[in-house]
Structures are given as structure tokens and as C-alpha cells.
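Structure first, then comments.
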Amino acid sequence: MKLRENVLISELTTMRLGGSARFVAEVSSLADVKEAYEFAKDAKMPVYILGDGANTIGRDEGFDGLIILNRMKGMEVVEETSDDVLVRAMGGENWDGFVEFCCERGYSGVECLSAIPGTVGAAPVQNIGAYGQDISQTVDNVEAYDTRENEMVILGRDEMKMAYRSTIFNDGPDAGRYFITAVTLRLENDEKLEPPFYNSLQKYLDEHQISDYSPLNLREAVSAIRAAKLPDPAEEASAGSFFKNIHLSDEEALTAREEGLKIYDKPDGSHVLNAGWLIEAAGLKGKELPGGFHISDKAALILINDSAKSYKDLEKARAEIVRTVFDKFGFRLEQEPVELVAKERRA
Ligand code: EPU
């Protein structure tokens, strides 16, 4: 295990905010994981697990504890039949690298999750999703170190209670309990997704006259759409979608429609009010905000940090967006990225 002391969280997270973490450990084996947790236990310090920091916001007070960075590597095909295939990757692998590994072999089920930043181990935590797919549809199991019982466990799909951006790993009494060491997906072998696809993806495919919906072709399309719209975290500081989409009941959707709001009815019967739409309709797209932030002119859900150094600056920008949208539409936006605080202090 590689241990460093007093490391700026702003350097570990793509929004580039946050004070110092007391310790940071990089783990590349199971022995390392156990050693890191023992170290924290002996020092009576809280632990926070981080991948690439693409969906995490640091606070000014930093973190008086141990941040563990998962650097466990490896990808393999575990089992393959003519119908489906089990593929496994270690938690420290780059998520998009794993998607590429799958698509190149013609395996289908995660092609729409191309070009999402972050690590494999972080992907199930918030049930990443895009263009109609989310990882709950294909995850077979995760291997994890259970820090309560100090043992390795295998959790099946149903045990993870996956919903929109929510799972046992980030919501409820077991949040922070499991350190995910590996993720195994069950993908389709030699199957192609069928149209119609999610709006923006379908539009891209039509415009580019792509009718072979192979995993690799869809991966390229999704990557191109994302590259055109979403900032590269290496160039512009952001944390992906900054607000959650709002899920409405049948009744709420009806009222909202009558008021002229744009609602998307999902194939599963639920209704989504796009936070990006609300922000754009409130006139905030591309706008400068107090605190040194602006809203991307390509995607209204993306908040970009131009010059802010302090979490207080983020609070100012966030408050401005939430207030403007609330005043206009009566919906209160909720932040999507998590904040790097000791678990017992999380709201
Ligand atoms: N919209 C606008 N203006 C905008 C952006 C969106 O009006 O500037 C409206 C449009 O009506 C559009 C709809 O929102 O048709 C959906 O937009 P988009 O396809 O861009 O998706 P999103 O709802 O804004 C979600 C995820 C993204 C994911 C995309 C693609 C959340 C919070 N975000 O965004 O995930 O890539 O769908 O499926 O659910 C992330 O979580 O970091 C992330 C990037």
C-alpha cells in the first residue's frame, strides 16, 4: 500500500475543490485493502473510498481521515456461451476501458455507458446510467471487502437494491460499508440492441446513417455525443451532471404538463422532469455565476469551475441556480455529486 500524508482533495477530484486529507492510501491488492482499513482503525480515523473523483466534491475543511484510492487492476472474460458472457474487472480499472474491452469483443449491454468518467469500482455505487442503460441491467455480482465483518463477500444484483443513482453502497445504513474490489457483468454475446434508441442517440445515428447497431458502433456514437457536449475533466473542472433529474408521480406529471413543463415518460412508466431542461428554461445555460463558476453552454446540467478555490464559492453558485429554478418552476433541484465528508456527518 502506498501511503501519503496531507494531500489536497482538490487534486483528487475533478471539480478541483477541497482542503487537505490527513492520509491517502493507494491500494492495488486485497492485502493492501485490509492493511489500509487496519491502519485507519488503529488511528481511529474515518475512511472514504475514492476512484477517480469524478463525482465527488471536496469541502474546505478537508478530511481528517484516510482516503483510499482503488488501484486494483485486471479484466477478464470469466465464462462465455453462445448466448451470454460473464466479464469481470477489478475496481481500480478505468470504467471506459472496461466498456471498450466488452464492445471490442462484440458483447452488448454497456455500450451506452461509454465515455463515462471514473473507475469500475465506482460504477455500481451510484448505478451509473446513460442513454437508456444503467449498470443495474447488466451487473451480475460485485466482490467487496465488508468492512463491518472484515471479510470478503460477493453481492448479487438483487442485494444491491439499485434504483436511479441509488444503491445500498450510497444510500441507507450500509453506505460506506463495502469496498468494491471487482465487478462482474453478464452481457449478451452476439446480440445487438434494437431501435428506437434514446432521443439524442437516435438522432445521431440517423444523421450519420448508422444502421448497424453493433456494440462498437453504438459506443462510438455515444462517445461522440458526449465529447461534443460534456467537458473533458482534464481541461475544465466539473463533476458531470451537477443536479439529479426529478422523478414525478403520475399526478405530479399531469399537473406539470398542464403548466407547460417538458416531461419524459420512461418505458418503465415513470416520469422524468429533466433538470437540464429546467435550468435551460430558467435562462441559465451558458451563464456566469457568482463564485467563479459558469453553466456549460452545451449542457445545462454541467456546472464548470473556472476559478473557484473554496466550497463557499460553490455554495454561492449552487444557491443561485436552485433559487432561480425554484422561483420560476417551484421545483427544488438536488445536487447529484456526493460530498467528501465522514459518513456519520452525511445528511
Ligand atoms: N435538456 C435541456 N437542456 C440541456 C440539457 C438537457 O433542455 O441543456 C433536456 C432536453 O429535453 C433533453 C433532456 O433534457 O432531451 C435529456 O438530456 P440529456 O440526454 O443530455 O440527458 P440528461 O438528463 O441531461 C442524464 C444523465 C447523464 C447522462 C445523460 C444521457 C443524470 C443526472 N444525468 O442527463 O449522466 O449522460 O442522461 O443519458 O441523470 C452524469 O450523471 O454525470 C451524467 C452525465
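The values are calculated or read from the model by the stated rules, or taken from the named source; none is laboratory data. All figures in this text were calculated on a predicted structure; none of them were measured in a lab. Note that we place each Cβ from the backbone using ideal geometry, even for glycine, and neighbour counts take in every protein chain shown.
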* **Residue among 105, 88, 157 that is of a type in the set (Lys, Arg), out of contact with any strand residue (DSSP E or B) (no Cβ under 6 Å at 6 or more places or on another chain), more than 17 Å from residue 48 (Cβ to Cβ) and in contact (Cβ under 8 Å) with a residue 12 or more places away in the chain** => 105
* within 26 Å of residue 322 (Cα to Cα) and either within 15 Å of the ligand (Cβ to nearest atom) or hydroxyl-bearing (Ser, Thr, Tyr) (or both), is that true of residue 223? -> no
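Are there strands (runs of 3 or more DSSP E) fully within the stretch 1-112 with at least 2 residues that are touching a Gly at 6+ places or on another chain (Cβ under 8 Å)? List them. Steps first, please.
On the way: elements: 2-8, 20-27, 47-50, 63-70, 75-80, 84-90.
Once the strands (runs of 3 or more DSSP E) in the stretch 1-112 are filtered for at least 2 residues that are touching a Gly at 6+ places or on another chain (Cβ under 8 Å), what remains is 20-27, 47-50, 63-70, 84-90.
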* **Number of the exception - residue 285 against (1) under 23 Å from the mean Cα position of the chain (by Cα); (2) assigned to a loop (DSSP other than H, G, I, E, B); (3) within 26 Å of residue 166 (Cβ to Cβ); (4) without any contact (Cβ under 8 Å) to a residue 40 or more places away in the chain** => (3)
* **Number of positions in the stretch 34-73 that are within 16 Å of the ligand (Cβ to nearest atom) and either in the same structural domain as residue 127 (by TED's automatic domain parsing) or polar (S, T, N, Q) (or both)** => 2
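Can you tell which of 32, 52, 60 is of a type outside the set (Ser, Thr, Tyr) and modelled with pLDDT under 95?
Details: 32 fails: modelled with pLDDT under 95; 60 fails: modelled with pLDDT under 95.
On inspection, the qualifying residue turns out to be 52.
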* Asked: Does residue 93 satisfy the criteria of being under 20 Å from the mean Cα position of the chain (by Cα), on the phi < 0 side of the Ramachandran plot and without any contact (Cβ under 8 Å) to a residue 40 or more places away in the chain?
  -> yes
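Which one is surrounded by the fewest Cβ atoms within 10 Å (Cβ to Cβ), of the residues in the stretch 233-266 that are assigned to a strand (DSSP E or B) and either within 13 Å of the ligand (Cβ to nearest atom) or among the polar types (S, T, N, Q) (or both)? Explain how you work it out, then say what you get.
Of the residues in the stretch 233-266, the ones assigned to a strand (DSSP E or B) are 237, 241, 243, 246-248, 263-265.
Now drop any that are not either within 13 Å of the ligand (Cβ to nearest atom) or among the polar types (S, T, N, Q) (or both), which leaves 241, 243, 246-247, 263-265.
Working: 241: 21, 243: 23, 246: 20, 247: 14, 263: 16, 264: 14, 265: 12.
Residue satisfying both the conditions and the ranking: 265.
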* Only one of 275, 300 is touching an Asp or Glu at 6+ places or on another chain (Cβ under 7 Å), at pLDDT 95 or above and within 13 Å of the ligand (Cβ to nearest atom); which? -> 300
